[in-house]
């Protein structure tokens, strides 16, 4: 398929998600879950691998498109020689334990009389399996392959040609015609039909009610709300798990091999997502994720995985779908993710920090969560000195990554805070345990500052003894490992800004083109958007607020017309790359907006205080000059104002 990554829109129901292109084609949809095989896989291949297009017969891209208010209801409009038409696409949210994902597509005439065609080619198992398609007795079209069935409901007459199902309608002003696609188990009787208009009203109400819970009211509210909606759409409602992205193998390097399956729940990504949600008013999602975490880890915290399936599954075997050429021939297409077997020490810090944010935001305590946290600390205490694969999941040798050690420090630090303040059974302050944890915290801090810092260059490095930089080091001041004004922190920020940026945007770490780099892979990649947001945060923290705001605004300008971000930005190709939309990009967008808003309010308060002081000083001076009697204490207040007191 020929659409750029940023040409796609997201619709979803908190069980799975679809990508809709500007030309009206649904090119990616996995059923019935995010991590199920795709029934439309044209995104990673050709039309032969499955798609569903609804558009005017005259073709072309939509003239304009938008989400309806603060919702995930997509409206795409075409201006044609015969008139104008709108297609409304959405998936009704479902919290059912066993849901039946549904796509509703309503064709609405705006002006003139416009011929519109629906063409659908269903290909199960990532575009490989051709289903048995037949007409049901109730007039619906049903496609069956193994355990899965897809039902197509429409009043338009369907007809088949070239292994594709078509239906044609002509709509005039105000006329609406609905096409509805349902997934359903193939061995179960036919699902009930869907009322498109009633479902549309319910879906709009759902999103309106959900967004009303948002507590952020700053200058970037539209961008923050759109990112929050995107994160909510990446939540698997039946369990509370959160996927990193709804896609697999969208390349970080177009034409290269850096293609990974992101349709799983990374503890790191989910923890960061929950931290953003709780700080914007969404505690229910945090509670659901905490319950998911307890189920996934179960009684085996010593073997904590870095990622799981959305239901908590542990086995995520990776293989290559060699029948798919890949997005713009970027192969291989990978299904599953072998990184699930890696050891990443930093994950313990992110999980514990997320639980900490939940408690700070008012989420009630939970004995089992506290006990889990204490058992995780037993593991960290025994293993923090071990090398790991690190935050970037390198497929090369394990190393002593500085960021991993810093996050181990975070895990211990937040647990100490929990034990000092909480009174739940087994979580209270046992002084012996507290002393042990404080000793570990101090040891980690001392070792990182000794072996992870290059005094000659005044910067922390990627791993012990290296000279390479790593953008994850930007998190050092944000997690409280060192204050922002520490010279080592400032030196690290400036080194990364000088050596790891391209066109002002930040790369994760150096890559080596045709050679094999630290990560064990050939090729390059784009600027990592999360790291670029982290740089904006750090610039604000060290007092370079104008520079931080400028970078933040530049990053916001990289979003597509619907406010969505992939994982990376390629400065050379000037386009988004990587899986899309990416939670790990939208979370730091929210974080940076919150930080900049807080600093902006602080500046406003300080400016108001200074203005009041100037006014007081002026009044006192005028009273003294006039020789009149000033209010009691006026002279003292004027003196204090002038001296900054």
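Compute the acute angle (0 to 90°) between the alpha-carbon long axis of helix 545-556 and the principal axis of greatest extent of the alpha-carbon atoms of the chain; round to the nearest 10°.
It works out to around 10 degrees.
Give me the angle, in degrees from 0 to 90, between the Cα long axis of helix 487-499 and the longest principal axis of the Cα atoms of the chain, rounded to the nearest 10.
40
Applying 1/(1 + (r/R0)^6) with R0 = 60 Å to the Cβ-Cβ distance of residue 382 and residue 156, what FRET efficiency is obtained, to the nearest 0.05?
Working: r = 65 Å, r/R0 = 1.08.
For residue 382 and residue 156, the calculated efficiency is 0.40.
Mind ordering 356-362, 145-151 by average Cβ neighbours within 10 Å, highest first?
Listed from highest to lowest mean packing, they are 145-151, 356-362.
When 407, 272 are ordered from fewest to most other Cβ atoms inside 10 Å of their Cβ, what list results?
Details: 407 30, 272 24.
Placing the least packed residue first, the sequence is 272, 407.
What's the extension gain from residue 166 to residue 2 if we count 0.36 nm per residue and subtract their Cα-Cα distance? Before the final figure, lay out each step's value.
Values: separation 164, 0.36 × 164 = 59.04 nm, distance 2.14 nm.
Full extension from residue 166 to residue 2 adds 56.9 nm.
Which three extents, in whole angstrom, do the alpha-carbon atoms of segment 2-46 cover along their principal axes, largest first?
Result for segment 2-46: principal-axis Cα extents of 25, 19, 14 Å.
What shape does segment 344-451 take by its C-alpha gyration tensor, where a ≥ b ≥ c are the square roots of the eigenvalues and a/c under 1.5 counts as rounded, a/b above b/c as prolate, and the rest as oblate?
On the way: a/c = 2.32, a/b = 1.63, b/c = 1.43.
The shape class here is prolate.
Quick one: grab the alpha carbon gyration tensor of the chain, order the square roots of its eigenvalues as a ≥ b ≥ c, and give me rounded if a/c is under 1.5, else prolate or oblate depending on whether a/b is larger than b/c. Please list the in-between numbers first.
Numbers: a/c = 1.90, a/b = 1.45, b/c = 1.31.
Verdict is prolate for the chain.
By the gyration tensor of its Cα atoms, with a ≥ b ≥ c the square roots of the eigenvalues, what is the shape of segment 6-87: rounded for a/c under 1.5, prolate for a/b over b/c, or oblate? Before the final figure, lay out the partial values.
Details: a/c = 2.82, a/b = 1.42, b/c = 1.99.
It comes out oblate by the Cα gyration axes.
Between residue 77 and residue 434, what length comes free when the chain is fully extended (0.36 nm per residue of separation minus the Cα-Cα distance, one decimal in nm)?
Working: separation 357, 0.36 × 357 = 128.52 nm, distance 6.17 nm.
Difference between extended and current length: 122.4 nm.
Sorted by mean Cβ packing within 10 Å, highest first, what order do the peptides 156-164, 236-244, 558-566 take?
236-244, 558-566, 156-164
Can you tell me the orientation of helix 583-626 relative to the chain, as the angle in degrees between its alpha-carbon axis and the longest Cα principal axis, to the nearest 10?
Rounded to the nearest ten degrees, it is 40.
How high is the FRET efficiency between residue 217 and residue 58 when r is their beta carbon distance and R₀ equals 56 Å, given to the nearest 0.05? Walk me through the numbers before you get to the answer.
Working: r = 44 Å, r/R0 = 0.78.
E(calc), rounded to 0.05, equals 0.80.
Sorting check: for 134-142, 409-417, which peptide has the highest mean count of neighbouring beta carbons within 10 Å, and how do the rest follow? Numbers along the way, then the final one.
Numbers: 134-142: 13.3, 409-417: 23.2.
In decreasing order of mean packing, 134-142, 409-417 become 409-417, 134-142.
Quote the Stokes-Einstein diffusion coefficient, in whole µm² s⁻¹, for segment 454-581, based on the Kirkwood radius over alpha carbon pairs, a temperature of 37 °C and a viscosity of 0.692 mPa s.
Working: Rh = 15.2 Å.
It diffuses with D of about 215 µm²/s by this estimate.
Stretch residue 197-residue 547 to full length: gain in nm at 0.36 nm per residue minus the Cα-Cα span?
On the way: separation 350, 0.36 × 350 = 126.00 nm, distance 4.76 nm.
Going from the current span to full extension adds 121.2 nm.
If I model a spin label as a point 7 Å beyond the Cα along the Cα-Cβ vector, how far apart are those points for residue 554 and residue 113 in nm?
5.4
Only the coordinates and a few stated rules stand behind these numbers; no lab work does. Because the structure is predicted, anything quoted here is derived from the model rather than measured. Note that each Cβ is placed from the backbone with ideal geometry, even for glycine, and that neighbours are counted across all protein chains shown.
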